[in-house]
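Student: The structure's right below; bear with me while I get my questions together.
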Amino acid sequence: MTQKPILLLGLLLAVGIWGVAQNPPATNPPPAAQAAAPAVIGPAKIAFVNIQVAVATSEEGKKEGDTLQQFIDAQSKALQDKQKALEALRNQFDIQGTKLSDDARQDLTDSIDVKDTELQRFQQDIQNEINRRRQKYQTTIARKMLTVIAKLAKDKGLSAVQFMDQNRDGYIDPSLDITDEVVKAYNQVFPVATTPALAPIKK
């Protein structure tokens, strides 16, 4: 008789524990983390540089441009000589063509073809060499100029410096153009060595 209450009590305790496991007590959710306040970005200060003009008008750019022009002038003279030689052969053919034997006429024709081919190849080779030399010195100066632009932008408190692009820029306020300042700063940082003047000969 005494075992029934004990068994009933055990069943009640088991049911109570199972119910708690199925329905855990409600807990308060953690407070939502506050979103970080966005950083305040002030108005940007932007300037523009015409890099092609800057490279060409720098002292180093002028010197390299003069050197390239000397090369062009020399090759132009060589080109003119080749053109004159070809023209002389053509004139010879026009004057003597009908008087020459078949073999001599064919030899002259072959010579004209060879000279013409040499002339065309010479023109193409020289143009490629001119482009290569120009690209080389312009790229070298522009790469060095980037360091000058970066320092100038920092000194002036600029947010960005953009290269002018006529295909993109409809209008730029002239006050935002710092090309002249870049050239002046570049000439100071990368001065061009000048050849000292020769002393006059004493008589």
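Quick note: the coordinates plus some simple rules give every number you see, no bench work behind them. Because the structure is a prediction, the values reported are computed rather than measured. No Cβ is skipped: glycine too gets one built from the backbone with ideal geometry, and neighbour counts run over all protein chains shown.
Student: What's the extension gain from Q69 to V53 if we count 0.36 nm per residue and subtract their Cα-Cα distance?
Tutor: Full extension of this stretch gives 4.0 nm more.
Student: Also, I was wondering about something else. Find the relative contact order for region 46-189 and round it to a whole percent, using C-alpha pairs within less than 8 Å whose residues are 6+ positions apart.
Tutor: 56
Student: Something else: Sum up the charges of everything whose Cβ sits under 12 Å from the Cβ of L176, counting Lys and Arg as +1 and Asp and Glu as -1, but leave L176 out.
Tutor: -2
Student: Could you order the peptides 177-184, 88-95, 162-169 from most to least packed, using the average number of other C-beta atoms within 10 Å per residue? Each step should come with its number before you reach the end.
Tutor: On the way: 177-184: 18.1, 88-95: 12.9, 162-169: 10.5.
Top of the packing list down: 177-184, 88-95, 162-169.
Student: For the pair Q127/K99, report the inter-label distance in nm, with labels modelled 7 Å from Cα in the Cβ direction.
Tutor: For Q127 paired with K99, the spin-label model returns 3.8 nm.
Student: Shifting gears a bit: Under 5 Å between amide H atoms, partner at least 5 residues away or on a different chain: which partners does Q162 have, H built in plane at 1.01 Å?
Tutor: Answer set, sorted by chain and number: A47, F48, V49.
Student: Another question about this same structure. How large is Rg over Rh for region 46-189, taking Rg from the Cα atoms and Rh as the Kirkwood inverse mean of 1/r across Cα pairs? Let's see the in-between values first.
Tutor: Numbers: Rg = 25.0 Å, Rh = 19.1 Å.
Here Rg/Rh amounts to 1.31.
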